[in-house]
Structures are given as C-alpha cells and as structure tokens.
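The structure appears below as structure tokens.
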Amino acid sequence: MSERCVTVQEAQNDIRMIVWKSRETEEVTLLEAGGRILSEDLRAGKSSPPFPRSPYDGYALRAADIQGANKKQPVCLKVVEKLCAGKYPKQVIGSGEAARIMTGAPIPNGADTVVKQEDTDYGEGIVQIYRSQNPYDHYCPQGEDFLEGEKLLTKGLRMDAIRIGIAASAGCDRIRVVKKVRVAVLTTGSELAKPGTKLRPGQIYDSSLYLITERIRELGGEVVRMNSVLDEPEILKGRLREAARCADLIVTTGGVSVGEKDLTRQVLSQMGADKVFDRVFVKPGSPTALFRLEETPVFALSGNPFAATVHMELLVRAAIARWYGCDELFPHEKRGFLLSNFGKSAVSDRYIRGTESGGRILLPNGKERSGILSSMNGCNCLVKIEQGRANLREGERVCYIKI
C-alpha cells in the first residue's frame, strides 16, 4: 500500500472519523469535578440570590422617606429590626421605619433601598439618614445572578474553579460528566532508561514516557498503562495487545522512522492494524502515523521529545477533545505577532516553541532542535511557520496554538 502523507488539518479530519464521542457518563461530586467534561446542561434549581439582599452594611428603608435628606437636614427613622446574614426578616418596613441590615442579609418587605452605614449616624433605636436615594439603589434583587431554571453551563464544557463555583451557587453537589478517556502510553527504544537508574553506555533517560503521561492527565485523560518497551518485535506486540484490551487510545513514541530498529510501523502492520496515515506534512515529527488496532486508535509519535510534544498537541489532543465532545480542548489556531526573529525556512509547515502574552510571542534564544526539551520550560504555545515562509522578523503575524 502506498504511503499516505497528510496535512495537520487532514489528520485532524481523519481523527474525527475514527474517534467517536463517548456516551459513557458518570456522576461525581463537585470536589471531584475539576477538569472533568460536563455531559449534560446544568440548570439552576433555585434563583441566586433566592431573595433580595443587601450589598452593604447599613439600613433598609423606603426611598420615598428620605428624599432631600442631607447632613444639615437628616431624616430620622425608627429602627424596627436588626438583620444579619442568615436571618430572615420578621417585620414589614412601613413609612418612617428602617431595619439595621448587614451585607448579604435579606431585604425586608416594604424596603426598596439600602443606605450605607457611612451615610448615617449608626443609630440603634432611631437612625439619622444623611443622603437621598432612589428606589432600588444599593439593592440586589432576587435572581440577580441567575433565575430558577436558567441554563448556567452547557454540556461539553470543562469544569474549572469558576464553573464549579457556579454549580455550587446553583445548589448542585453532584454533576454528570463524561467518563475519562483511557489512554495507554508506550515509549519504544532499547536506549531508554528509567529515571533514577544508572545509565549504561549508550543510554538516555526516558523523558517522553513521563511528558506524554502527564500531558494526557492535564487534558483530562486517565493513563491506564505506561510502559517503556525494548526494540524487540514480540515484546512490542505483547504490549500493544495488552494496551488495546484496556485503553480507548494508545500513544507510542519512537520506532516510526526507517531505521533497522524502527519497529512500530512494521509491528502494527504485522498485527493487522489498519493504517490511517503514514506521515504528517509538518516538522518536527513528520513520520508520525495513525493506525487502528482492534478498533483502538494508535498514535505513533516520534521519539524526539519536542517532536512528540508537537504531535501530542496537534493530534492526540484533538482526539481527546473529540472523545469528550469538548471544543475547548481542541488545538485551535490563534493569530499573534512575533517579538523575535526566526531565520530558518519552512519546506513544510513547521512548529516552534514560544511564550505568548497578549497575542505577542517571544521565541527562546537557541536550543530549537526537536531532541531538546529544556528550552520548553516556560513556553506556553506552539508557533506555526507556514510552508514557504523564511527569515521572519519581529512584528510579523503568525498563527499559534496555546498549550
């Protein structure tokens, strides 16, 4: 079968075709909901606030009673009740009356405004009011935030601190979320050593296993298997079979080039995996491939840490977003301006590391090769240099993806 080389967009379209949105959901508590994907719309069971409340410490009263009030000619009102937050009013405020009220306390019936205590003499039995106000000044109405039955959050959103706070303010203690996508991560290469062990001659530490695993967790996935695999076909076949039985997605790194020990493509073909594409028209990591092994998508990424990072963001992240039905997770392109020069040409589309703030992008100084990871520290975006562009200068517009 001939080799199929695709653009990033074509690869992402292929991913949409073979990765299905999960229909499996589960209920979790709000304290377990961080980073999870909402599987159904969330509506308010109660209005918030459920009653009119005071935004200040002061006095609840009728605006009509204090028209024309000032320091020289204060209006005196009878204080009929004192209301703290959590205490519900017993009195109805009539003409010439006021209630001492604290921030967050319910505004009693009959009152239509709250005068700040700084604009009074702090009276207990009788209070002097030193300013005039209109009805509903300093007044938080019932449902000011949201009304009962209002849709607050749409399914497919990723729960963060603010959204969890919104759910809590609506009285929800449990929500339904999409079950976590299960991912197996396999790094291949007899040269790889586990961090913490002593390196033998010719070995390097396996950074990709930890980098990819943690990024999948950051994106809301559950890593159900992580293995570093020797360059032995039968061992790799066994690890892939195990992964296909327990995972929804498989991510491998290494073994995708054309060297004698680059076995991943060969082994997957021998196992009867369906090939979706062989290469992606982008650097670094162009040998990246996608297979289906027993209906499980297998992303075969480059063994170079930065190249693996690029395709983790462009492709694996797109698959996770598709699984969850979460557009927020998808690697959307944005437009920005370079604050640095970039002198290399781009035979194909190229992605480089950068730090973005307010649409302005600074490139790290040197250390740009795909095997280098240390210069990614502090970077928060991948900058796209389109095919054919060269010698970019400060101020030029570029596309980038936040990571």
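The values are calculated or read from the model by the stated rules, or taken from the named source; none is laboratory data. These figures come from a predicted structure and were not determined experimentally. Please note: Cβ atoms are built from the backbone with ideal geometry, for glycine as well, and neighbour counts cover all protein chains shown. These area figures cover heavy atoms from the full protein model, side chains too; ligands, DNA and RNA do not enter into them. Shrake-Rupley method; radii C 1.70, N 1.55, O 1.52, S 1.80 Å.
Quick rundown of the values:
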read-out: Selected from His138, His311, His332 as most flexible by GNM, with the chain as the system and alpha-carbon contacts under 10 Å; value: His138
read-out: Cα-based helix-to-principal-axis angle, 208-218 vs the chain, degrees rounded to 10; value: 30 degrees
read-out: Sequence ranges 295-304, 241-250, ranked by mean other-Cβ count within 10 angstrom, highest first; value: 295-304, 241-250
read-out: More than 23 Å apart - percent of Cα-Cα pairs taken over the stretch 1-97; value: 64 percent
read-out: GNM result for the chain, Cα springs below 10 Å: residue of Asp41, Asp112, Asp278 fluctuating most strongly; value: Asp112
read-out: Efficiency of FRET between Ala390 and Thr25 - r from beta-carbon atoms, R0 41 angstrom, step 0.05; value: 0.25
read-out: Local net charge near Ile101, Cβ-Cβ under 12 Å (Lys/Arg +1, Asp/Glu -1); value: +3
read-out: Compactness index (Cα Rg / 2.2 N^0.38 Å), the stretch 225-337; value: 1.08
read-out: Degrees separating the helix 8-18 axis from the principal Cα axis of the chain, which is the longest one; value: 80 degrees
read-out: Which of Ile107, Phe291, Val256, positive extreme of dipole for the chain (C-beta unit charges); value: Val256
read-out: Antiparallel content of DSSP bridges confined to the chain, in %, to 5; value: 65 percent
read-out: Computed lengthening from Arg335 to Asp137, 0.36 nm per intervening residue step minus Cα-Cα distance; value: 66.9 nm
read-out: Among the listed pairs Lys283/Lys384; Lys21/Lys155; Lys155/Lys180; Lys151/Lys334; Lys21/Lys179; Lys180/Lys283, those beyond 19 Å (Cα-Cα); value: Lys151/Lys334; Lys180/Lys283
read-out: The chain: most fluctuating residue of Leu211, Leu263, Leu61 per GNM, C-alpha cutoff 10 Å; value: Leu61
read-out: Computed E for Asn13/Tyr205 - FRET, C-beta separation, R0 25 angstrom, nearest 0.05; value: 0.10
read-out: Euclidean distance between Cα centres, the stretch 194-239 to the stretch 107-184, Å; value: 48 Å
read-out: Translational diffusion coefficient (Stokes-Einstein; Kirkwood radius from C-alpha pairs) of the chain at 37 °C, 0.692 mPa s, in µm²/s; value: 129 µm²/s
read-out: FRET efficiency, 1/(1 + (r/R0)^6) with R0 22 Å, evaluated for Ile126 and Lys71 via beta carbons; value: 0.85
read-out: Kirkwood Rh, angstrom, the stretch 197-273 [1 / mean 1/r, Cα pairs]; value: 13.8 Å
read-out: Charge sum, other residues only, whose C-beta stays under 13 Å from Ile204's C-beta, Lys/Arg counted +1 and Asp/Glu -1; value: +1
read-out: Helix axis angle, 233-246 relative to the chain longest principal axis, alpha carbon, degrees; value: 30 degrees
read-out: Counted charge near Tyr130, where neighbours are those whose Cβ lies closer than 15 Å (Asp, Glu -1; Lys, Arg +1); value: -1
read-out: Debye log10 I(q)/I(0) at q = 0.11, 0.17, 0.19, 0.21 Å⁻¹ for the stretch 80-234, Cα point scatterers; value: -0.68, -1.04, -1.14, -1.27
read-out: Whole-percent carbon and sulfur share, accessible surface of the stretch 1-124, 1.4 Å; value: 47 percent
read-out: Rounded D (µm²/s) - the stretch 256-403, Kirkwood Rh over Cα pairs, Stokes-Einstein at 37 °C, 0.692 mPa s; value: 201 µm²/s
read-out: For the stretch 44-126, the Rg and Dmax computed from alpha carbons only, in angstrom; value: 12.7, 48
